[in-house]
Structures are given as C-alpha cells and as structure tokens.
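Read the structure below first, then the notes.
Every number in this text was worked out from the coordinates using simple rules, so none of it is lab data. These numbers were taken from a predicted model, which means no experiment stands behind them. A quick note on method: Cβ atoms are made from the backbone with ideal geometry, for glycine too, and the neighbour counts reach across all protein chains shown.
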Amino acid sequence: MAVRALDGITVVDLTQIVSGAVTSMMLADFGAEVIKVEPVGGETYRKAGYELHGPGGSTNLNILRFTRGKKSVELDLKSERGKELLAELVTQADVLVENFRPGVLARLGFSWERLHELNPRLVYTSISGFGHDDVLPSPHRDQPAYAIIAEAMAGLTHLAGEKDRPPAWMGFAMSDIFSGTCAFAGTLVALRDRDRTGEGTRVDIGMFDACLLMNDLPMAYQEHLGESMGRGQYALQSPWGPFEASDGYVIIAVLNPREWAALCGCIDRPDLVDHPDLATGHMRSKAHETIVRPAIEEWTRVRTRGQAVAELQAARVPSAPVNTTEDLLDDEQIAARLMRQDTTNRDLGTIRTIGNPIKVASSLVGQEPTALPALGEHTDEVLRARLGLDDTEIAALRESKVVG
C-alpha cells in the first residue's frame, strides 16, 4: 500500500452515530490509525437500524456507513480501569474526536485541561449541536440536537419543500455529514498548527454553525432586500429546479441570457426570449408558476428524463435527470471517481461503501480495499500493541467486563 498523507497519525475515536464518525472515517481514509473506542456491547449505531446477515454473521446497516478503516475496541469508560486505559491511549494519540453532548467527556474525567495535561500535543476535536463554550460562548450549548434540529434552527428546513406547503425534512442527515466534514478540515488545520507550535489545540464544531454556512444566500437576501426566500421556487433565478418528465423529473438551471434563449429554442418557445415579464432571472422567478413552468412542462412531460436531458444538453442548457438510488448503483461517473469502493467485513464479506469525495493525487482514497471492523475486533490487538498488556491481563479485563 502506498504511503498516505496521514500515515503515522493516531486517532482516539469516541464518536457515535454520524457526525464525528464521518470525521474519523475521513482521517482513516488518508492513513491515520483510528482506534474506535465503543462501549461494551457496541455504540448506538450497532443497534439502531436494519440488520444485515452474511456468511460470517450479522451486522447493522448503519454501522457500515462510517466505520471504514477503523479499529474497534470495546471499553467501559464508566469503570475506573476503563478510564485508565483510555488515558494511556490518549498519551499516545495525535487526535481525539468525540461528538457527545458538551460536558459529557469532562464528567468522565477528560476535560480539555486534563487531556492537554495528559498529552500537550493532542488535538481535541468535538462536534455538538451548538458548540462547546471553551472556544467561544454558546448560549444553546446544552440543548439536545440531532441534525434535523440544527437544520431547523439555522433556517434550512424553512427552505425545504413546496410553496404554501409545510416545511420538509430533507431526507438525510445533511448537517451531520457536513459538520463531520468541517471537523475533518478543522482537525487538519489544528495538526498543521501543532507542527508549527508544538502544542495541541481545540477544534470545536457546532452543527448549527455548519448549517448557517449553507444558509448564506437566504441570509444575505433577507439582510439586503428585506425579504425571505421561503420555500419553493428559487427567488433569484428561473427556471431553476425540477420539471416533470414522463418517467420522473429533470432539473433545469438557467443563469444567463444565452442559456435562457437556448432553452426557449429547445422547447420551441422562441416567443418567450424577449417576453417583457421574463427579462431577468428574478422576473422569471416571479412568473415561474404562471408562465415558465407551464411552458417547460408542456415540453418535458412528453419526453423521458433521458430524452429531455439529451436535447437540453445538446443545446448547452444546464440540465440533469433527478436520479434515484437505483439509477446510481452502476453509474459510470461514480465508478470512475472511486465513489463506491470495495470494503471487507468479517460478517458480510466484501461489500461496497460510499467513497471519499476528497481527491488528492498523492494520496488517492479507494484504490485498494479497506475493512469495516466488527464490534471489538481489535480490542486484544490494541491492548497488546498499544498498552503492552499480556493475555492474562486482557482475560482479567474481560472477566471484569472492562472490555468486551
């Protein structure tokens, strides 16, 4: 295996569910040794969701999503001996990642001050709904937050759905995945800063903050125009969104006069090019339901997604089919970009997982199969190699249920 950018970096991963798990998986993708410390019996995502069965046993679908390349260790952090073992791992680590509620890790005896005392070079990365309050104040610090909560409070849910209809959940944990990616970037910045100063530092990511970054245009629209974008049609451009075809929907996105004229020609409506109510994207947006959508859908509804997109793209009109997951399973773009990669699992054998979107020429991810750990698969290995315990000591820990 080729040398990767983060080879030699050790990560203690205390994350559960999605956000922090994305961060630590990305660190593992680029070569870090990620030691995933789970409660005895496994973390939440080993128990919530659909159970898959394979030749070696069964594994939860959820846990397969973000554990690629990690080592799983079962450790009871509520026991004194478990805390001692975690402290020893911390002294050897470069990074600790967690996504507990603020204050949970400190109550276990691992505040930032304690972590820094154990290992002055440690980068401590946390993800929570609204951020901790040791880097900046966080008035909502203690409020429980799943992704959907952060998205709602940051104004994103207000944008999702159709005009004059209730707001809609976007269908996936967007703020979890984006905040996890932000934490990955922040961890790399902190490691670079440590190289410069010799001192570890804090990385504090709030899902609310990450959502607000994604809400930047509606916020600017409100501040400078005094209007809310609201749900449904994009306020600044039309056509810009889905249009019904005979077998689903296509996206059409027009940003400039050339694209508008090309679209009007493509749908056999040259009369719309110079229509006085359609001169700009903003004007077309106001006339979207009365003029623009009916004209376009008269054309798209008698074509399949493939036919419509082929004609639109031949006219250089930005467009795409609204794909389903079934459409994507054998997509050539996904294969070429290594966005589904072979991954092995002790229970299921070889499966495919979603690849890493960050492509670095010197450290490409996805060229070689990697592994998804079974629960506690690496407990003995880590205790021996990292902490120097022998078989008798490990057996005693297992007997006392400190490890699984």
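When peptides 149-159, 76-86 are ranked by their average number of other Cβ atoms within 10 Å per residue, the highest-first order is 149-159, 76-86.
Note: relative contact order over the chain, using C-alpha pairs below 8 Å and six or more positions apart, is 19 percent.
What percentage of all Cα-Cα pairs in region 240-326 are separated by more than 15 Å? Summing the P(r) of region 240-326 above 15 Å gives 54 percent of all pairs.
Distance from the alpha carbon centroid of region 48-97 to that of region 307-382 works out to 23 angstrom. Across region 105-203, the convex hull enclosing all Cα atoms gives 112 Å³ per residue. Where both bridge residues fall in the chain, DSSP classifies roughly 45% of the beta bridges as antiparallel.
Each peptide in 136-142, 396-402, 5-11 gets a packing score, the mean of other Cβ atoms within 10 Å over its residues, and the list from highest to lowest is 5-11, 396-402, 136-142.
When the inverse distances between all different Cα atoms of the chain are averaged and flipped, the Kirkwood radius reads 24.0 angstrom. When the Gaussian network model of the chain links Cα atoms closer than 10 Å, the mean-square fluctuations of 184, 30, 243 top out at 243. Among 19, 228, the order by Cβ neighbours within 10 angstrom, fewest to most, reads 228, 19. Take the Cα coordinates of region 294-384, assign each an equal point scatterer, and use the Debye formula without solvent to give log10 I(q)/I(0) at q = 0.15, 0.22, 0.23, 0.24 Å⁻¹. With one equal scatterer per Cα and no solvent, log10 I(q)/I(0) is -0.79, -1.11, -1.14, -1.18. Result for the chain in a Gaussian network model with C-alpha springs under 10 Å: among 361, 210, 145, the largest mean-square fluctuation is at 361. Of all DSSP-defined beta bridges confined to region 240-326, some 100% are antiparallel rather than parallel.
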